[in-house]
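Please read the structure below before turning to the comments.
The values are calculated or read from the model by the stated rules, or taken from the named source; none is laboratory data. Note that the structure is predicted; figures quoted are calculated from it, not measured. A quick note on method: Cβ atoms are made from the backbone with ideal geometry, for glycine too, and the neighbour counts reach across all protein chains shown.
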Amino acid sequence: MLNRRDFFKLGGAAVAAASVSKVAMAALPEIVSVQHADTQPPLVPGSGRSYNPVVTLNGWTLPWRMKNGVKEFHLVAEPVVREIAPGMKAHLWGYNGQSPGPTIEVVEGDRVRVYVSNRLPESTSIHWHGQRLPNGMDGISGLTQPAIAPGKTFVYEFEARRAGTFMYHPHSDEMVQMAMGMMGFWVTHPRSPDLMRVDRDYVFLINAYDIAPGSYTPKVSTMLEQNLWTFNSRVFPGISPMVAGKGERVRIRVGNLSMTNHPIHLHGHEFVVTGTDGGWTPPASRWPEVTTDIAVGQMRAIEFIADEPGDWAFHCHKSHHTMNAMGHEIPTMIGVGQQDLVEKITDLLPGYMPMGETGMGEMGAMSMALPENTLPMMSGGGQFGPMDMGGMFTTVKVREGLNKGDYRDPGDFRHPAGTVAHEVDNAGLSIDRAPSSHETGQSAGGHELHIRKPATHDHH
Ligand SMILES: [Cu+2]
């Protein structure tokens, strides 16, 4: 499943690599890296204690080695190329070949040793977000450790004391390094595989980038106006579906390392939040909902029984987060007649296209020339036509008769006869397009406005 084993030795140039002794090579676990964005099947533990592995959306779990009872991992901070969706690649920083880095999975009580090597052009560190650990392992450069300089390797070691969902990210030039994609997921499984057992356990991070159309590298000083809203550094239609057999219990763990909150919404099912950054929620504190807001730096685990077959949308409910890069300064043109303007502008700009008069859905179907390495603002096709989506959108595909452990995309849902919204004959009714105000000539004085001001505010 891993397509490349990387024996590149650290400490600088290839010349140095040749002189590394066998003893030194054995001192560190080998570097495993992945060069593609496909969702990998769960990594069933081959050593150490048993657990039910997770599936990382468009990602993978880092293999480890056992050394004298300690689980050893090797993370390498390095520049990576990440396909954001077919048609666009980003030049990011990440770990072991991808952004986000690989998921780390351990079991409560495991002794864990993580080697971190730095192939970046600047210093870094890793903070193990949410973990109980000795203060000196917390990864805050300057405060709890010296920064890891380029070409150097540090080691972190602690016991995974609490089961739950965690994240890792740099705490060294943090704004730049996170804007460049440096982050990863960490799951500490409970000692007993039967505690909080689910049939499918999906994980992904929420992140966001500002990559100008036609370019490859994120702008690192953008604070809120990112233009690519991503699940694990992917946008729709590049995000894998989450598949489930009918009746299976599904958990989806989401960590937010973007710089704004995201109301994550599931269609067709109610879920409960069973986990936060601090651990499992007490059962008495859970209530059913269909959207949960995930704040910056937070993690939420949601669970539901996948009992309604179908292709159910799963997305951030901020509608501009289900769109890709485009100027967001587009004026609202709905209802604005542009025909007389078009004629005038076409004299100056042949081929000018008026946009937005009936909404922007038309843009999903339009194939406009885009700059190199740029995704359309909205795209993605379903079995019934264009979907006008991008960004933080994917599906939960629930199917009858799916085998346990089968994570392949089952294709489009076959709807039972008579269960799809469809056109009916409306002959005899007048359902013509609603006239715009400029067409009825009512805009000036034809409408009555009712404005009621609160009495106590009239002195403003
Ligand atoms: Cu969002």
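At pLDDT 95 or above, out of contact with any Leu (no Cβ under 9 Å at 6 or more places or on another chain) and within 20 Å of ASN58 (Cα to Cα), is that true of TRP186? Against the criterion (at pLDDT 95 or above, out of contact with any Leu (no Cβ under 9 Å at 6 or more places or on another chain) and within 20 Å of ASN58 (Cα to Cα)), TRP186 qualifies. Summed over region 190-214, the residues that are buried (at least 21 other Cβ atoms within 10 Å of the Cβ), more than 16 Å from the ligand (Cβ to nearest atom) and closer than 12 Å to ALA90 by Cα give a count of 1. Hey, could you check region 243-270 for residues that are within 16 Å of the ligand (Cβ to nearest atom) and among the small types (Gly, Ala, Ser) and say which is farthest from PRO190 (Cα to Cα)? This residue is SER258.
Only one entry of THR217, THR222 meets the criterion of being within 16 Å of the ligand (Cβ to nearest atom), of a type in the set (Val, Ile, Thr) and over 13 Å from the mean Cα position of the chain (by Cα), and that entry is THR222.
For every residue, the table says whether it meets (1) surrounded by 15 or more Cβ atoms within 10 Å (Cβ to Cβ); (2) in contact with a Phe, Trp or Tyr (Cβ under 8 Å, 6 or more places away or on another chain); (3) under 18 Å from TYR407 (Cβ atoms).
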{"position": "PRO241", "(1), (2), (3)": "yes, no, yes"}
{"position": "ILE252", "(1), (2), (3)": "yes, yes, yes"}
{"position": "ASN256", "(1), (2), (3)": "yes, no, no"}
{"position": "VAL272", "(1), (2), (3)": "yes, yes, no"}
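How many of the residues in region 192-247 are of a type outside the set (A, V, I, L, M) and over 22 Å from TRP60 (Cα atoms)? Step through it out loud before you land on a result.
Kept after step one, since they are of a type outside the set (A, V, I, L, M), are these residues of region 192-247: 192-194, 197, 199-202, 204, 207, 209-210, 213-219, 221-222, 225-227, 229-234, 236-238, 240-241, 245-247.
Applying the additional criterion that residues be over 22 Å from TRP60 (Cα atoms) yields 192, 194, 210, 213-219, 221-222, 225-227, 246-247.
Number of matching residues: 17.
In region 304-329, what residues are away from the ligand (no atom under 16 Å from the Cβ) and either among the hydroxyl-bearing types (Ser, Thr, Tyr) or not in a strand (DSSP E or B) (or both)? Answer for region 304-329, where residues must be away from the ligand (no atom under 16 Å from the Cβ) and either among the hydroxyl-bearing types (Ser, Thr, Tyr) or not in a strand (DSSP E or B) (or both): ASP307, GLU308, PRO309, MET326, GLY327, GLU329.
Of all residue pairs spaced 6 or more apart or on separate chains, those with beta-carbon atoms under 7 Å, a first member in region 276-301 that is farther than 21 Å from ALA179 by Cα and a second member that is of a type in the set (Gly, Ala, Ser) and in a loop (DSSP other than H, G, I, E, B) are ASP277/GLY130. For region 9-31, the count of residues that are touching a helix residue (DSSP H, G or I) at 6+ places or on another chain (Cβ under 9 Å), among the hydrophobic types (A, V, I, L, M, F, W, C) and modelled with pLDDT under 90 is nonzero. The residue that is nearest to THR103 (Cα to Cα), counting only those in region 35-54 that are more than 20 Å from the chain's Cα centre (by Cα) and exposed (fewer than 14 other Cβ atoms within 10 Å of the Cβ), is VAL44. When ASN232 is tested against (1) in contact with a helix residue (DSSP H, G or I) (Cβ under 8 Å, 6 or more places away or on another chain); (2) within 15 Å of the ligand (Cβ to nearest atom), exactly one condition is not met: (1). In the set (1) without any contact (Cβ under 8 Å) to a residue 24 or more places away in the chain; (2) in contact with a Ser or Thr (Cβ under 6 Å, 6 or more places away or on another chain), THR56 fails one condition alone, (1).
Could you check region 388-435 and list, in sequence order, the residues that are farther than 11 Å from ASP311 by Cβ and in a strand (DSSP E or B)?
Residues of region 388-435 farther than 11 Å from ASP311 by Cβ: 388-393, 400-408, 416-435.
Within region 388-435, ASP388, MET389, PHE393 qualify.
Residue count for region 294-308 under the criterion of being closer than 14 Å to GLU270 by Cα and out of contact with any Leu (no Cβ under 9 Å at 6 or more places or on another chain): the result is 6. For region 92-148, the strands (runs of 3 or more DSSP E) that sit wholly inside it and include 1 or more residues that are in contact with a Pro (Cβ under 8 Å, 6 or more places away or on another chain), buried (at least 22 other Cβ atoms within 10 Å of the Cβ) and at pLDDT 95 or above are 104-107, 111-118.
Of the residues examined, GLU439 is one that is modelled with pLDDT under 95, among the acidic types (Asp, Glu) and surrounded by 12 or more Cβ atoms within 10 Å (Cβ to Cβ). Among the criteria (1) free of Cβ contacts under 8 Å to residues at least 12 places away in the same chain; (2) at positive phi, the one GLY181 does not fulfil is (1). The single residue among THR374, THR394 that is crowded, with 17+ Cβ neighbours inside 10 Å, modelled with pLDDT of 80 or more, more than 16 Å from the ligand (Cβ to nearest atom) and within 24 Å of PHE204 (Cα to Cα) turns out to be THR374.
Against the definition (basic (Lys, Arg) and in contact with a Gly (Cβ under 8 Å, 6 or more places away or on another chain)), how does LYS89 come out, yes or no? Give the steps one after another, and end with the answer.
Numbers: basic (Lys, Arg): yes; in contact with a Gly (Cβ under 8 Å, 6 or more places away or on another chain): no.
No: the conditions fail for LYS89.
Within region 271-289, identify whether any single residue is within 16 Å of the ligand (Cβ to nearest atom) and within 28 Å of ARG399 (Cα to Cα), and answer yes or no. Show your work before the answer.
The first filter runs over region 271-289 and keeps only residues within 16 Å of the ligand (Cβ to nearest atom), leaving none.
Taking every residue of region 271-289 in turn, none turns out to be within 16 Å of the ligand (Cβ to nearest atom) and within 28 Å of ARG399 (Cα to Cα).
For region 210-242, a tally of residues being β-branched (Val, Ile, Thr) and closer than 29 Å to GLY382 by Cβ returns 4.
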